[in-house]
Amino acid sequence: MDRFDLVHDGWLPLRRQDGAVVEAGIERALIEADTFAELVVELPTQVPALLRQVLLPVVADAVGLPADRAEWRRRFEAGAFTEDERDRIRAYLAEHGERFQAFGDTPFAQSGALEAVSGETKGAGLLVATESTGNNVPLFGARTEAEPPALTPAEAVRWLVHAHCWDTAAIKTGAKGDSKVKAGKTTGNPTGPLGQLGVLLPTGRTLYETLLLNLPIGPKSLLGSPHWRRPPAGAVWSAAGYPDGLLELWTWQSRRIRLVPEETPQGVRVRRVIVAAGDRMRELPEWEPHTAWKYDKPAAKAKAADRKPRRHVPGKAIWRGLEALLSVHRIDLDSGSVETSSLLRQAADLRVVGALQEDYPLRVEAFGIMYGNQSAVIEDVYHDRIPLPVAALQADAELYGALVEMTSQAERLSRAVNYLSADLRRAAGLDPIPWDKGQRPGEQLLHRLDPVVRRVLGHVGGLDDERLEAALLAWEQAAFRATRQIADDVFAAVPESVFAPRRSSGDQEASAVKPGLGHVEGKLRRDLAVILPRAAEQRRADRAVPSKTLPPTQAVGA
């Protein structure tokens with residue numbers, strides 16, 4: 001059977017700077033990293049899997065981590081790998097080439113001798129997060145488990161590394177030779193390690209910049225070794241362990257997997273696989289670089305042992321947690337304290353020393369998977385991307401305060417519209433919309449404000465104080481208009497009979513006055529003036545203009 005060589009054969013889908021998409025092997029992807037913009041994948045969560053399981057470890061092991069900020073700056077300003085660095089990458093991949101084969105005796109990220117106790121294999125859909133397999137039935141699955149997909153070698157390897165990072169928990173196939181197998185299965189398996197995080201990935205203008213933004217600065221002793229520099233994984237999974245360094249963490253083999261290739265008229269395809277229990281991580285290391293952290297206690301009392309990864313909230317745009325995203329130092333929120341990822345803290349430090357310019361178009365991508373039924377099924381996939389001004393990564397910077405204020409205003413406007421809806425429904429004799437049922441108008445408002453916030457984030461980097469203030473005024477005016485539009489829709493839905501305060505007929509609320517339209521309208525106006533002070537001041541100034549420029553009679557008439 002033909003070999004499939006991950007070093008040279010095309011399997012990494014990459015968008016070039018001119019927009020064209022090509023499939024490249026590992027060597028070309030890295031050697032020409034400055035010519036590629038980003039990975040183009042079937043499912044967003046493949047991006048951190050391919051970076052962590054393949055590209056970042058090769059770069060870190062072949063070229064090394066930046067030893068200090070000066071070296072990081074030199075590499076970043078170069079904009080591409082030097083000829084010496086490219087030679088080191090080529091030599092490294094040639095040295096370990098046999099471990100970068102999709103099939104064979106020591107296949108990449110697999111156990112070549114893996115066999116199920118039952119002697120059976122399962123459909124390749126078991127690797128594919130969007131396919132129906134067992135209890136995992138996606139809402140819009142196009143195939144059933146009886147119709148496994150015929151994956152190309154490229155597709156199979158992409159889903160292979162995805163499974164190591166994100167696979168569901170619970171029951172896995174029992175492997176021959178594993179004493180822990182019961183009734184042909186193993187139980188108690190956790191999800192893949194990324195499934196326990198809210199992944200945050202800083203990204204740049206090119207694949208090269210993205211790779212560098214995701215390399216921690218530090219000594220070589222931080223690295224450890226990737227799985228291809230260790231003996232091939234046996235069929236039996238190990239007891240719970242702890243990664244010996246960054247490269248073992250990134251290439252953690254959370255499953256024992258074997259792809260079963262077959263010849264077809266269309267070429268080699270993978271329709272059958274075995275997925276068994278793999279290495280279990282005893283605990284997440286405190287130096288995990290791709291997640292923010294939360295503490296249940298205030299910052300003054302919280303210890304390192306108290307922190308847990310901060311996971312993303314389904315359906316909630318990442319900018320709505322901007323304060324936590326920008327928290328280079330631990331800060332207190334209502335629910336405890338938070339701090340951002342070490343890579344974003346590093347970016348803030350690089351900005352301070354001038355290695356990253358304030359107007360650099362840094363972006364942050366967020367990834368997560370929401371599991372259900374004891375983490376045995378995938379219910380939702382989270383992906384979001386926002387511009388993140390480098391200048392905001394400093395708590396005492398004016399831009400930091402301005403952006404935190406902007407996102408806080410959006411949340412307060414959402415609550416104000418929800419309070420408006422609740423008051424009007426009470427006036428109509430109805431109960432307010434429950435927070436966990438139906439769509440409240442505040443969520444509609446946040447959806448409408450979303451593109452506005454993203455435009456602001458993409459344009460405020462590098463602005464001077466005067467232009468920043470003008471941008472914030474424009475934001476408040478846009479937010480005011482959007483809020484009034486949603487509020488008008490809420491008012492339009494109120495029955496005509498609701499026009500004045502009415503007393504409740506309930507015994508316990510006999511003296512309670514239900515608010516009428518005038519009351520709730522006045523309250524909304526006051527809320528908007530408090531939440532959006534710049535826009536309110538501008539409206540007052542605009543109203544004052546006629547009385548200053550026109551004769552009194554004309555001003556009154558106007």
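Taking R0 as 30 Å, what's the FRET efficiency between W435 and R15 from their Cβ-Cβ distance, rounded to 0.05?
So, using R0 = 30 Å, E works out to roughly 0.15.
Charged side chains reduced to their Cβ positions (Lys and Arg at +1, Asp and Glu at -1) give segment 12-277 a dipole of some 720 debye around its Cα centre. For segment 176-241, the share of alpha carbon pairs falling in successive 10 Å distance bins from zero is 13, 28, 34, 17, 8, 0 percent. For K185, a cut-off of 13 angstrom between C-alpha atoms picks up these aspartates and glutamates, skipping any fewer than 8 places away in its own chain: E115, E120. Straight Cα distances below 14 angstrom link K220 to the aspartates and glutamates D61, D68, E71, D244, E248, with same-chain residues fewer than 8 positions distant left out. Against the main long axis of the alpha-carbon atoms of the chain, helix 465-492 sits at an angle near 80°. The angle between the Cα long axis of helix 342-352 and the main principal axis of the chain comes to about 70°, on a 0 to 90 degree scale.
For a modelled paramagnetic label at R205, 7 Å from Cα along Cα-to-Cβ, the residues of segment 344-369 in reach, with backbone nitrogen under 13 Å, are 357-363. Pop the C-beta distance of V40 and R280 into the FRET formula with R0 = 30 Å and round what comes out to the nearest 0.05. Result of the calculation: an efficiency of 0.40. Does segment 193-288 come out rounded, prolate or oblate by the C-alpha gyration tensor, with a ≥ b ≥ c the root eigenvalues, rounded set by a/c under 1.5 and, if not, prolate when a/b is larger than b/c and oblate if not? Note, shape of segment 193-288 comes out oblate. Each principal axis of the Cα cloud of segment 1-112 was evaluated for its coordinate range; sorted largest first, these ranges are 47, 32, 24 Å.
Overall shape: prolate for segment 12-277, with the ratio a/c of the largest to smallest alpha carbon gyration tensor axis at 1.5 or above and a/b above b/c. Stretching the chain fully between V260 and R412 yields a gain of 49.3 nm (0.36 nm per residue, less the alpha carbon separation).
Across all Cα pairs in the chain, the calculated P(r) in 20 Å bins from zero up to the longest distance comes to 18, 45, 27, 9, 1 percent per bin. Look at the dipole of the chain built from charges on Cβ: of A240, G461, P13, the Cα furthest out on the positive end belongs to A240. The angle separating the long axis of helix 153-166 from the principal Cα axis of greatest extent in the chain is about 60 degrees. When the charge dipole of the chain is built from unit charges on Cβ atoms (+1 for Lys and Arg, -1 for Asp and Glu) and taken about the Cα centre, the candidate among A124, M281, A529 whose Cα reaches farthest toward its positive end is A529.
Could you list the residues of segment 185-211 with an amide nitrogen less than 19 Å from a label point located 7 Å from the Cα of Y242 in the Cα-to-C-beta direction? Answer for segment 185-211: 193. Within the chain, the longest run free of exposed loop sites, counting GluC sites (Glu not before Pro) that sit outside DSSP helix and strand states (H, G, I, E, B) and have at most 14 other Cβ atoms within 10 Å, spans 287-495. In a reduced charge model with +1 at each Lys and Arg Cβ and -1 at each Asp and Glu Cβ, the chain shows a dipole moment near 1420 debye about its Cα centre.
Candidate cross-link partners of K294 among the aspartates and glutamates, defined by an alpha-carbon separation under 17 Å and a same-chain spacing of 8 or more, comprise E283, E286, D306, E323, D332, D334, E339.
Every number here is computed from the coordinates shown, using simple stated rules; none is lab data. These numbers come from a predicted model, not from an experiment. Cβ: placed from backbone, ideal geometry, glycine included. Neighbour counts: every protein chain shown.
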